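Colleague: Sharing a structure below in structure tokens format, with a few things to ask.
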Amino acid sequence: MALLSAFALTGCAAAPESVLNPAGPVAQMQLSYMYLSFWIMAAIFLVVAGVLVVAVIRFRERRGQERELPPQVEGNTALEVVWTIVPILLLAILGVVTVAGSFTLARLAPSSRALVVQVTGHQYWWAYTYPSLGITTANDLHIPVGEKVDLELTSKDVMHAFWVPRLGGKTDLVPGRTNYMWIEADRPGVYTGQCAEFCGTGHADMRLVVEAQTPAQFQAWVQSMKHPSSVPASGLARQGYLDFKTAGCFACHAIAGTPYQGVVGPNLTNLAQRPMIAGNILRNTPANLAAWLRNPPGVKPGALMPNLHLSPSQVRALVAYLESLH
Ligand code: CUA
């Protein structure tokens, strides 16, 4: 029953973060290993449980039977050999398959044309740089459907782990070194995930969003990132553009197409296009953005963006500006 309910609870096709619902070849391959080990273990379980049930029924004490010890036996060479060799074989099968698979997945994609994305973990957000495209963004990873994407993963501070279950297993982001993995999405969609290595107070609020787009949509996004309109000419958004400097935002944040080039916090180019803000914990709405600007650590405990004690008019102008970036 436990086994059945485990399947019933986790096998739901709508589950957005289920490894049982892969959306690309890497996750599919890893799922096949899970099934391989599951069925091997299920077979062992059935044999052991079957023998146990037979023994319990066949050798149970019967009415009128004299209570005496059955003949005592010790050691059976044939059995000893069998139950040593069978587990060795099973472990060898699992070992060869999973080690070979790990080596296949922990290097660059088997394609020289794969798109490269440098992924940097920060407390508590994700930076994405596309060196071949000259684009940097944060928290919202765009990939083209049907193409292999090489991820080069590192960290600016402590260890994090990149985990988007429907696209692939976890890979750690370690300060001072680069780990590799590749992913590919079979079909368009938004795939979510979670930092999977405890990294501090904001760990649970370090969410992942991957937008897999058709090649045409992806190219349109690339063009919008390369040529953003980031300097409003007039109105409240213009005031927000100016406040971005006077309030000090520019010291940490970059916006392509402006003089603002801070690298401590997330790059905010085309922020209004992103579905989520604040490490992907809040939907990107003007009200949420205003709440965030008023007191970041109040919204997201452990956030390293300080409360800048912005005035209500500054918050209004900055929200107007940031929501104009698309
Ligand atoms: Cu980053 Cu947990």
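Colleague: Per residue of the stretch 271-281, what does 6.51 cos²θ - 1.76 cosθ + 1.60 with θ = phi - 60° give for ³J(HN,Hα)? Whole Hz please, x for Gly and Pro, Karplus curve as stated.
Modeller: Per residue, the Karplus-derived 3J(HN,Hα) values read 3, 5, 6, 7, x, 9, 10, 6, x, 6, 9 Hz.
Colleague: Same structure again: Build a GNM of the chain with springs between Cα atoms under 10 Å: which of ALA287, ALA55, ALA42 gets the top mean-square fluctuation?
Modeller: Looking only at ALA287, ALA55, ALA42, the largest GNM fluctuation is found for ALA55.
Colleague: Something else about it: So which residue, out of GLN123, GLN213, GLN72, gets the largest mean-square fluctuation from a GNM of the chain using Cα contacts under 10 Å as springs?
Modeller: With Cα springs under 10 Å in the chain, the top fluctuation among GLN123, GLN213, GLN72 is at GLN72.
Colleague: In what sequence, largest accessible area first, do VAL99, VAL319 appear using a 1.4 Å probe?
Modeller: In descending accessible area the options line up as VAL99, VAL319.
Colleague: Please identify the trypsin sites (Lys or Arg not before Pro) of the stretch 194-239 that satisfy two criteria: DSSP loop assignment and at most 16 other Cβ atoms within 10 Å. Which are they?
Modeller: none
Colleague: Another question about this same structure. Largest first and in whole Å, give the semi-axes of the stretch 102-179's equivalent ellipsoid, each being the square root of 5 times a Cα gyration tensor eigenvalue. Walk me through the numbers on the way to the answer.
Modeller: Values: eigenvalues 70, 48, 29 Å².
Square roots of five times the eigenvalues give 19, 15, 12 Å.
Colleague: Here is a further query. Please compute the contact order of the stretch 235-323 in relative form: average sequence separation of alpha-carbon pairs under 8 Å and at least six residues apart, divided by the residue count, as a percent. Display every interim value, and only then the final one.
Modeller: On the way: 121 pairs, mean separation 31.6, N = 89.
Taking the mean separation of contacting Cα pairs over the length of the stretch 235-323, I get 35 percent.
Colleague: Roughly how far apart, in whole Å, are the Cα centres of the stretch 33-56 and the stretch 167-182?
Modeller: Going from one Cα centre to the other spans 35 Å.
Colleague: Also, quick follow-up: Taking only the alpha-carbon atoms of the chain, what semi-axes of the equivalent ellipsoid follow from 5 times the gyration tensor eigenvalues under a square root, in whole Å, largest first? It would help to have the intermediate numbers written out before the result.
Modeller: On the way: eigenvalues 581, 100, 56 Å².
Semi-axes (√(5λ), whole Å): 54, 22, 17.
Colleague: Counting Lys and Arg as +1 and Asp and Glu as -1, what is the net charge of the other residues whose Cβ lies under 12 Å from the Cβ of GLN219?
Modeller: Local net charge: 0.
Colleague: Now a separate question. Under a GNM of the chain (C-alpha, springs under 10 Å), which listed residue has the highest mean-square fluctuation: PHE162, PHE244, PHE38?
Modeller: Looking only at PHE162, PHE244, PHE38, the largest GNM fluctuation is found for PHE38.
Colleague: Restricting to Cα pairs below 8 Å that are 6+ residues apart, what does the relative contact order work out to for the chain? Please round to a whole percent. List each step's numbers first, then the result.
Modeller: Numbers: 575 pairs, mean separation 51.3, N = 326.
Reported as a whole number, the value is 16 percent.
Colleague: Give me the net charge of LEU289's neighbourhood, meaning all other residues with Cβ under 11 Å from the Cβ of LEU289; Lys, Arg count +1, Asp, Glu -1.
Modeller: +3
Colleague: Under a 1.4 angstrom probe, counting protein chains only, how are THR98, THR77 ranked by accessible area, largest first?
Modeller: Sorted by accessible area, descending: THR77, THR98.
Colleague: If I model a spin label at VAL231 and VAL56 as a point 7 Å from the Cα along the Cα→Cβ vector, what separation in nanometres do I get?
Modeller: Label-label distance for VAL231 and VAL56, simple model: 7.9 nm.
Colleague: Hey, what angle do you get for helix 77-105 against the long axis of the chain, alpha-carbon based, 0 to 90 degrees rounded to 10?
Modeller: Taking the Cα atoms of the chain, the angle to 77-105 is about 10 degrees.
Colleague: Now for a separate question. Rounded, prolate or oblate: which fits the stretch 164-265 when a ≥ b ≥ c are the square roots of the eigenvalues of the alpha-carbon gyration tensor, with rounded for a/c under 1.5 and prolate only if a/b beats b/c?
Modeller: It is oblate, given that a/c is not under 1.5 and a/b is not larger than b/c.
Colleague: While we're on this one: Quick one: Karplus J couplings for the stretch 295-306, per residue in order, coefficients 6.51, -1.76, 1.60, θ = phi - 60°, nearest Hz, x for Gly and Pro?
Modeller: So the Karplus estimates, Gly and Pro as x, are 6, x, x, x, 7, 9, x, x, 4, 7, 6, x Hz.
Colleague: Near the amide H of TYR124, under 5 Å away, which other amide H atoms are found, from residues 5 or more places off or on another chain, if H is placed in the peptide plane?
Modeller: LEU304
Colleague: Can you list residues from other chains, or at least 5 along the same chain, whose modelled amide H is less than 5 Å from the amide H of VAL116?
Modeller: SER132, ASP150
Colleague: Net charge around LEU141, counting only other residues with Cβ within less than 11 Å of its Cβ (Lys, Arg = +1; Asp, Glu = -1)? Spell out each step's value before the answer.
Modeller: Numbers: positive: ARG274; negative: ASP140, GLU211.
Taking every other residue near LEU141 into account, the sum is -1.
Colleague: Nearest 500 deg cm²/dmol is fine: what mean residue ellipticity at 222 nm does the chain get from its DSSP H runs of n ≥ 4 alone, each adding -39,500 (n - 2.57), divided by its residue count?
Modeller: After summing the helix terms and dividing by residue count, I get -12000 deg cm²/dmol.
Colleague: For the stretch 235-323, taking Cα atoms only, what is the radius of gyration to one decimal and the Dmax to the nearest whole Å?
Modeller: Here Rg and the maximum Cα pair distance are 11.8, 34 Å.
Colleague: What list of ³J(HN,Hα) couplings, whole Hz, do you get for the stretch 43-58 from phi and the Karplus terms 6.51, -1.76, 1.60, once you set θ to phi - 60° and write x for glycine and proline?
Modeller: Working through the residues one at a time gives 5, 4, 4, 5, 5, 5, 5, x, 4, 4, 4, 4, 5, 5, 6, 6 Hz.
Colleague: A further question on this structure: Looking at the chain, which longest stretch skips every one of the GluC sites (Glu not before Pro) that is in a DSSP loop with at most 12 other Cβ atoms within 10 Å, leaving the sites themselves out?
Modeller: Formally, the longest exposed-site-free interval is 75-326.
Colleague: Would you work out the relative contact order for the stretch 171-211, in percent, from Cα pairs under 8 angstrom that are 6 or more residues apart? The partial results should precede the final answer.
Modeller: Details: 31 pairs, mean separation 14.4, N = 41.
Worked out over the stretch 171-211, it gives 35 percent.
Colleague: What dipole magnitude, in Debye to the nearest 20, does the stretch 235-323 give about its Cα centre under +1 on Lys/Arg Cβ and -1 on Asp/Glu Cβ?
Modeller: 100
Colleague: May I ask you to derive the FRET efficiency for VAL48 and ALA100 from their Cβ-Cβ distance with R0 = 30 Å, giving the value to the nearest 0.05?
Modeller: That pair, VAL48 with ALA100, gives E of 0.55.
Colleague: With angles folded into 0 to 90 degrees, how steeply does helix 215-226 sit against the dominant principal axis of the chain? Use alpha carbons for both and round to 10.
Modeller: Between the helix axis and the principal axis of the chain, the angle is about 40 degrees.
Colleague: For a quick check of understanding: with a 1.4 angstrom probe and all protein chains in place, what accessible area in square angstrom does LYS156 have, to the nearest ten?
Modeller: 150
Colleague: Check LEU208: other-chain or 5+ apart residues with amide H under 5 Å from its amide H, H built from backbone geometry?
Modeller: Under 5 Å from the amide H of LEU208 lie the amide H atoms of GLY193, GLN194, CYS195, each far enough along the sequence or on another chain.
Colleague: Tell me, rounded to the nearest percent, the portion of alpha carbon pairs in the stretch 20-71 spaced more than 17 Å apart. Could the numbers behind the result be given before it?
Modeller: Details: 811 of 1326 pairs.
For the stretch 20-71, the share of Cα pairs beyond 17 Å comes to 61 percent.
The values are calculated or read from the model by the stated rules, or taken from the named source; none is laboratory data. What you see is a predicted model; the values in this text were computed from it and never measured. Here Cβ is always computed from backbone atoms with ideal geometry, including for glycine, and neighbour counts include all displayed protein chains. Surface accessibility is based on the protein's heavy atoms, side chains included, excluding ligands, DNA and RNA. Shrake-Rupley method; radii C 1.70, N 1.55, O 1.52, S 1.80 Å.
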